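Asks: Here it is: the structure, laid out below.
The values are calculated or read from the model by the stated rules, or taken from the named source; none is laboratory data. In this text the structure is predicted, and so the values were computed from the model without any measurement. For neighbour counting, all protein chains shown are included, and Cβ atoms are generated from backbone atoms with ideal geometry for every residue, glycine included.
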Amino acid sequence: MAIAAANWRFSTVTSSGCATSHRLFSTSRRPTCAFSVRKLSSDQNSAILKFLRGSRDGKPFSNADGRTSRNKTGRYRSASFNSIGVENKGDKEIIVDLKEQQEVEQGNLEDAAAAAAFLNAVVKVYCTHTEPDYSLPWQKQRQYTSTGSAFMIGDGKLLTNAHCVEYDTQVKVKRRGDDTKYVAKVLARGVECDIALLSVESENFWRGAEPLQFGSLPNLQDSVTVVGYPLGGETISVSKGVVSRIEVTSYAHGSSQLLGIQIDAAINPGNSGGPAFNDQGECIGVAFQVYRSEEVENIGYVIPSTVVSHFLEDYERNGKYTGFPSLGVLLQKLENPALRACLNVPSNEGVLVQKIEPTSDASNVLKEGDVIVSFDNVRVGCEGTVPFRSSERIAFRHLPSQKFTGDVAELGIIRRGQHMKVQVVLNTRVHLVPYHIKGGQPSYLTVAGLVFTPLSEPLIQEECEDSIGLKLLTKARYSMAKFKGEQIVILSQVLANEVNIGYEDMSNEQVLKLNGTRIRNIHHLAHLVDSCKDKFLVFEFEDNFMIVLERESALAASTSILKNYGIPSERSEDLLVPYVDSVGQNEATDELEFGDSPVSNSEFGYDGLLWA
């Protein structure tokens with residue numbers, strides 16, 4: 001694929017030192033924070049500005065060439081102090097110079113105090129992670145710990161990256177200059193935007209705290225300062241750079257595409273979740289990932305304040321995180337004049353609807369072959385871009401991501417040469433193969449030693465792609481869910497027993513039917529097994545392969561198999577509740593075409609197609 005050939009990847013930056021790679025797949029107005037935050041005074045902002053810019057007064061012990069000098073007593077001395085000692089114009093003048101020096105030093109102390117109060121809003125995060133074992137879904141892997149960064153936003157809450165607290169069993173935070181760690185609670189996780197909201201109940205933790213204020217989206221070449229707790233030390237770290245690019249960016253953790261800020265300031269493991277500031281001391285975003293390649297260096301990414309404000313407003317509206325919506329269509333660019341003429345598009349604009357996700361509301365409104373020319377009265381260019389700020393353009397997918405789940409968008413379309421307006425309800429995408437497991441533990445079902453589980457990206461990564469099989473892997477990469485709740489259920493492994501003799505070598509094969517009934521998801525499979533009255537259990541797989549078990553013998557052997565392999569239950573807890581049929585029979589039995597729906601232009605290898 002194009003990704004492998006280019007030899008690059010996005011990586012989330014964690015404190016473990018081995019960044020985890022993931023598969024790749026709002027406005028410029030000032031954001032409104034969902035929580036009350038305290039604005040810094042003008043004096044504090046002035047002091048912070050001087051500190052962040054590294055003014056000469058803020059570096060009293062630096063020479064002009066950046067080096068330091070020592071006197072005979074071993075103490076550092078400044079260039080101004082040297083000039084006083086050399087000139088020596090008389091006692092009176094020396095007294096005046098010393099007085100001026102004292103005033104400068106006093107100003108430095110005040111600046112340092114303001115900067116210290118400013119930096120005190122950044123805290124260190126200690127997380128203990130316990131990931132599920134997707135190959136053995138009834139148990140978890142050995143726990144490990146990591147460190148990251150977070151910052152105060154007011155109302156007793158902190159912001160950090162979602163990947164910093166993924167699969168958390170315990171989260172603790174520590175303020176700068178404090179030796180006490182306080183237990184934190186994860187209130188919400190935004191997987192797509194890689195943001196997590198934390199709370200700390202202890203009043204001692206918040207004593208004297210100064211929460212940060214969010215700023216607007218920066219401009220190119222604006223200075224940016226990243227603050228956090230990267231590896232290599234226990235104290236806070238400050239690195240400076242400039243904004244080099246603002247565009248829709250691939251978010252490695254959520255395999256999503258949202259607005260991102262590219263900077264050249266150093267972002268290292270442990271910086272994740274730390275704030276990035278402009279010269280006015282306002283937080284413009286959250287550091288979260290780096291671009292790793294042998295051909296480039298110093299490319300880091302910041303989640304902009306507009307995305308952060310969307311996450312916070314979403315949480316305030318719904319009491320939980322609901323996600324960033326999408327239109328649910330695969331689009332083709334209309335750069336070619338002949339293609340536009342064939343579609344009766346009179347002007348140099350619009351994008352062609354190639355495919356529509358069956359689970360999206362757009363499937364009820366749009367048709368393949370429609371040309372989208374506007375979104376909420378914003379004109380869409382033939383390259384799939386829309387106006388952004390004063391003189392920039394950005395990917396069309398940026399507009400739906402600024403909406404909230406359940407919002408309605410008005411689309412201007414051309415259908416067979418006719419202009420019309422349609423209304424579409426925006427919802428979050430339904431992935432046939434999820435990138436993250438909600439609830440922290442995967443579903444599983446065991447039947448006479450046959451272990452069934454839904455296919456997921458974490459399982460693919462744990463098993464390694466080579467062992468999954470090209471056909472199943474391609475279906476996972478390119479197929480779309482035909483109804484909500486649909487899953488690809490696989491036979492993960494067979495626990496050897498005399499009742500399943502001859503099937504022991506089977507693993508990672510998709511099960512399609514049980515006794516002739518198409519399987520919709522893992523819960524449906526459990527329901528079919530429980531309600532079966534036939535003499536045999538016939539599991540049908542790809543390529544017409546089947547497993548046949550005598551039903552009563554299989555159920556009788558399950559108890560001893562569970563005991564022999566140390567499995568606490570024959571199924572996960574979510575499968576113990578009664579199954580509810582939420583889709584129509586005709587809808588569920590439709591066969592999925594092999595590899596018929598490309599998931600993203602990155603994987604498809606053709607830049608002419610893009611998701612909205």
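Asks: May I ask you to say which residue of 354, 280 is closer than 25 Å to residue 222 by Cβ, at pLDDT below 95, more than 25 Å from the chain's Cα centre (by Cα) and surrounded by fewer than 24 Cβ atoms within 10 Å (Cβ to Cβ)?
Replies: 280
Asks: Is one or more of the residues making up the stretch 224-239 at pLDDT below 95, polar (S, T, N, Q) and in contact with a Pro (Cβ under 6 Å, 6 or more places away or on another chain)?
Replies: Yes; the residues of the stretch 224-239 include at least one that is at pLDDT below 95, polar (S, T, N, Q) and in contact with a Pro (Cβ under 6 Å, 6 or more places away or on another chain).
Asks: Name every residue in the stretch 269-307 that is in contact with a Cys (Cβ under 8 Å, 6 or more places away or on another chain) and part of a helix (DSSP H, G or I), in order of residue number.
Replies: Hits for the stretch 269-307 are 305, 307.
Asks: How many residues are in a loop (DSSP other than H, G, I, E, B) and surrounded by fewer than 20 Cβ atoms within 10 Å (Cβ to Cβ) if we restrict to the stretch 509-532?
Replies: Residues meeting the conditions: 3.
Asks: Same structure, new question: Could you say which residue among 529, 489 is under 34 Å from the mean Cα position of the chain (by Cα) and assigned by TED's automatic domain parsing to the domain that holds residue 450?
Replies: That would be 489, the only listed residue that is under 34 Å from the mean Cα position of the chain (by Cα) and assigned by TED's automatic domain parsing to the domain that holds residue 450.
Asks: Of the conditions (1) under 29 Å from residue 440 (Cα atoms); (2) at pLDDT below 95, residue 525 clears all except one; give me its number.
Replies: (2)
Asks: Just one of 410, 368 is exposed (fewer than 15 other Cβ atoms within 10 Å of the Cβ), within 30 Å of residue 472 (Cα to Cα) and in contact with a strand residue (DSSP E or B) (Cβ under 7 Å, 6 or more places away or on another chain); which is it?
Replies: 368
Listed here are the residues, each with its yes/no results for (1) surrounded by fewer than 13 Cβ atoms within 10 Å (Cβ to Cβ); (2) modelled with pLDDT of 95 or more.
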| residue | (1), (2) |
| --- | --- |
| 347 | yes, no |
| 360 | no, no |
| 424 | no, yes |
| 427 | no, no |
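Asks: Could you grab the pairs with beta carbons closer than 8 Å, sequence gap of 6+ or different chains, first residue in the stretch 231-249 and outside any strand (DSSP E or B), second one surrounded by fewer than 19 Cβ atoms within 10 Å (Cβ to Cβ) and not aliphatic (A, V, I, L, M)?
Replies: Hits for this filter: 231/17; 235/176; 236/176.
Asks: Kindly establish whether residue 504 is surrounded by 20 or more Cβ atoms within 10 Å (Cβ to Cβ) and either under 37 Å from the mean Cα position of the chain (by Cα) or outside any helix (DSSP H, G or I) (or both).
Replies: Judged against the criteria, residue 504 is not a match.
Asks: Further question on the same structure: Name the single residue that is modelled with the highest pLDDT among those in the stretch 175-195 being assigned to a strand (DSSP E or B) and within 9 Å of the chain's Cα centre (by Cα).
Replies: Checked the stretch 175-195; the qualifying residue modelled with the highest pLDDT is 195.
Asks: If you don't mind, there's one more thing I want to ask. Does residue 335 fit the bill of being touching a strand residue (DSSP E or B) at 6+ places or on another chain (Cβ under 7 Å), surrounded by fewer than 24 Cβ atoms within 10 Å (Cβ to Cβ) and more than 30 Å from residue 223 (Cα to Cα)?
Replies: Against the criterion (touching a strand residue (DSSP E or B) at 6+ places or on another chain (Cβ under 7 Å), surrounded by fewer than 24 Cβ atoms within 10 Å (Cβ to Cβ) and more than 30 Å from residue 223 (Cα to Cα)), residue 335 does not qualify.
Asks: If you go through the stretch 291-305, how many residues are in contact with a strand residue (DSSP E or B) (Cβ under 7 Å, 6 or more places away or on another chain) and surrounded by fewer than 24 Cβ atoms within 10 Å (Cβ to Cβ)?
Replies: 4
Asks: For residue 415, indicate whether it is of a type in the set (Lys, Arg) and over 30 Å from residue 261 (Cα atoms).
Replies: yes
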